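Following: one structure in structure tokens, then a few remarks.
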């Protein structure tokens, strides 16, 4: 999984994955879409392929790249407990905010407001 994180750390490779999420592409299409040079695009695709994030198939003279869903599923499974942790914390925050909201019928004017130090000083 270390190769996966190394591959995902680069913003250029993440941009490539964003494009490949929409559709499979040849190297030239990625060059046109992202504005990288052909050698740079090929280098990043090699890293993504070695990390198992993309797969390649040959069609005539072109190599067509697409996302490898198997590796993405493994990554998703690893991240699932962290999503659960965040969901629990966000739910707790929501409950806290619900408890701290003013009760219905309580006049907003009776709530304490921050004091304006400059009030009445001709400002």
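Please treat every number below as a calculation from the coordinates, not as lab data. In this text the structure is predicted, and so the values were computed from the model without any measurement. Counting neighbours? That spans all protein chains shown, and the Cβs are built from the backbone with ideal geometry, glycine included.
Worth pointing out:
- Kirkwood radius for the range 2-68, taken over all pairs of different Cα atoms as the inverse mean of 1/r, rounds to 11.6 Å.
- R0 of 22 Å, Cβ-Cβ distance residue 38-residue 60: FRET efficiency to nearest 0.05: 0.75
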